[in-house]
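Just below is one structure, and these are the notes that go with it.
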Amino acid sequence: MTSRYADLSRQQLATLVPELLLIGQMIDRSGMAWCISNFGREEMLQIAIEEWLGCSPIYTRRMQKALKYEGDDVVTIFKGLQLDIGAPPQFMDFRYTVHDRWHGEFHLDHCGALLDVEPMGEDYVRGMCHDIEDPTFDGTAVATNRKAQIRPIHRPPRTPADRHPHCAWTVIIDESYPPVDDHPALAVIRRTRAATTELDPIDPDGEGRADYSGDLVSDFDFAAFSHSALVRMADEVCLQMHLLNLSFVLAVGKRAGTDTELATKICTKQLIGIAGIAAERICRALDLPGGIEGAIRTLELHPMFNPAAYVTAEFGPDTVEVRRSPAHEDGAWASLAGPSEKRPLQAIVAAVDPQLDVEVTGTHTDWTARVIETDTAAKEFREVSLTRISGGSTFVFEPRKSLPLTVV
């Protein structure tokens, strides 16, 4: 099925793809508060570790293959980070240095994730910058080379409190290092339909770059890429979000045990929060109209319903018709909404216009949502308000020049 992003202009896509990367990073801001309240902070940390280790090698390899920069060296690792929802551009402002194929460094001039957790106290900072990052950095590098080690030069808690850059790390690949093993969750997520979803190949003849072979650049210039390449990136980034969510579902389900109602409750709350913030950012970034027209267009472009090859849906002037699809087989976001659970859809349309609502009819897997106007402005869901605490909800991207990074 043709991508739902295909009818956007090249300029619109260059605006949207970094937005999608940032939205993906905010999934944890939406989900982890509910993990803390139900399982405690220590279990939340373990959920985060398992969540990323269960999916990032899969989606990293997918993007490498799509944009033709497969390799086994430091440059390949850095290119992957530039197109990873765990490291959205500028919000997580990675600056790279390449010494040779096997040695490099990066530092973060701005870490939006750190600024989100610093007000919560040193335990939360250590949890993110030590407990989570130690295994997950190496776990992400597995997609490129199992002998890669990413180690801190310095990292938070910041001393002094305004230390800059926020953190710095070495990346070394050495045959003497023990290989990093896959996390058991990775085998489960590899079997999902999301992991194996096939997307249209990139047309090599369009105007602009069709791949990311060649030099590593300091800032990924989305506008330099072709329409076809940007469409593929958008779809791949949405799959990154689905894979991360499925890994989150797996980790939450492990803690909930036989209490499947609790697991569904937590995962639905995560979806409501990210659904509203994602809709708000997409609508604002693309300057979409208000009212029902803007709500339908936002739904059509929303990661909950993309890529089209994974989520089966049709969009009319005021309706969304969802049919059973690979997303339902996986238990992905689309399976959490329907006639018995309207809140994720309500969060999306209210982000466009608070006086919009939805009427939903049908079954769990086959339903139709109609967007309607109301006389009363909707109150923002608590799940959306909590996600909004992240600086990612209001972050503004800036134009940047992209310069090649060569070996120093």
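When the residues of the range 83-99 are narrowed to those that are over 19 Å from the mean Cα position of the chain (by Cα) and of a type in the set (Val, Ile, Thr), which ends up farthest from Gln25 (Cα to Cα)? First the steps, then the outcome.
Let us first name the residues in the range 83-99 that are over 19 Å from the mean Cα position of the chain (by Cα), namely 95-99.
In the following step, the residues that additionally are of a type in the set (Val, Ile, Thr) were identified as 97-98.
Details: Thr97: 24, Val98: 25 Å.
Per the stated criteria, the residue is Val98.
His242 passes every criterion in (1) part of a helix (DSSP H, G or I); (2) open to solvent by 10 Å² or more (accessible area, probe 1.4 Å); (3) in contact (Cβ under 8 Å) with a residue 24 or more places away in the chain apart from (2). Restricting Arg255, Arg232 to those that are under 17 Å from Ile202 (Cα atoms), modelled with pLDDT of 95 or more and touching a helix residue (DSSP H, G or I) at 6+ places or on another chain (Cβ under 7 Å) reduces the list to Arg232. Only a single criterion out of (1) of a type outside the set (Ser, Thr, Tyr); (2) loosely packed, with under 15 Cβ neighbours inside 10 Å; (3) more than 24 Å from Pro88 (Cβ to Cβ); (4) at pLDDT 95 or above is not satisfied by Ala224, namely (3).
Of all residues in the range 54-89, those satisfying the criterion of being open to solvent by 20 Å² or more (accessible area, probe 1.4 Å) and under 20 Å from Thr170 (Cα atoms) are Gly71, Asp72, Asp73, Val75, Gly86, Pro89. I'd like the residue in the range 100-143 that is open to solvent by 20 Å² or more (accessible area, probe 1.4 Å) and closer than 16 Å to Thr76 by Cβ and, out of all such residues, is nearest to the chain's Cα centre (by Cα). This residue is Thr140. Restricting Asp7, Asp93 to residues that are without any contact (Cβ under 8 Å) to a residue 24 or more places away in the chain, in contact with a strand residue (DSSP E or B) (Cβ under 6 Å, 6 or more places away or on another chain) and not hydroxyl-bearing (Ser, Thr, Tyr) narrows the list to Asp93.
Go over the candidates Phe248, Phe315 one by one and state the one that is open to solvent by less than 20 Å² (accessible area, probe 1.4 Å) and aromatic (Phe, Trp, Tyr). Don't jump to the end; show me each part of the working.
Details: Phe315 fails: open to solvent by less than 20 Å² (accessible area, probe 1.4 Å).
Going through Phe248, Phe315 in turn, the sole match is Phe248.
Residue count for the range 282-307, restricted to those that are closer than 29 Å to Thr196 by Cβ and crowded, with 21+ Cβ neighbours inside 10 Å: 10. Selection of the range 182-217 for residues being of a type in the set (A, V, I, L, M, F, W, C) and within 14 Å of Lys68 (Cα to Cα) yields Ile202, Ala210, Leu216. Can you confirm whether the range 325-347 contains a residue that is touching a residue at least 40 places away in the same chain (Cβ under 8 Å), surrounded by fewer than 17 Cβ atoms within 10 Å (Cβ to Cβ) and either more than 20 Å from the chain's Cα centre (by Cα) or assigned to a helix (DSSP H, G or I) (or both)? Within the range 325-347, one or more residues are touching a residue at least 40 places away in the same chain (Cβ under 8 Å), surrounded by fewer than 17 Cβ atoms within 10 Å (Cβ to Cβ) and either more than 20 Å from the chain's Cα centre (by Cα) or assigned to a helix (DSSP H, G or I) (or both).
If I ask for residues that are in a helix (DSSP H, G or I) and not aromatic (Phe, Trp, Tyr), which ones from the range 137-159 would you list? Listed by number, the residues that qualify are Asp138, Gly139, Thr140, Ala141. Of the residues making up the range 1-35, just one is open to solvent by 10 Å² or more (accessible area, probe 1.4 Å), among the β-branched types (Val, Ile, Thr) and either part of a helix (DSSP H, G or I) or over 21 Å from Thr197 (Cβ atoms) (or both), namely Thr15.
Answer with yes or no whether Thr376 is open to solvent by 30 Å² or more (accessible area, probe 1.4 Å) and either under 25 Å from Leu20 (Cβ atoms) or outside any helix (DSSP H, G or I) (or both). Yes.
What residue, among those in the range 190-221 that are small (Gly, Ala, Ser) and assigned to a helix (DSSP H, G or I), is surrounded by the fewest Cβ atoms within 10 Å (Cβ to Cβ)?
At the first step, the residues of the range 190-221 found to be small (Gly, Ala, Ser) are 194-195, 206, 208, 210, 213-214, 218.
Narrowing further to those that are assigned to a helix (DSSP H, G or I): 194-195.
Details: Ala194: 28, Ala195: 20.
So the residue we want is Ala195.
The values are calculated or read from the model by the stated rules, or taken from the named source; none is laboratory data. Small disclaimer: the values here were computed from a predicted structure and weren't measured. Because the Cβ atoms are built from the backbone with ideal geometry, glycine has one as well, and the counts that use them run over all protein chains shown. Surface areas here come from the heavy atoms of the whole protein model, side chains and all, with no ligands, DNA or RNA. Shrake-Rupley method; radii C 1.70, N 1.55, O 1.52, S 1.80 Å.
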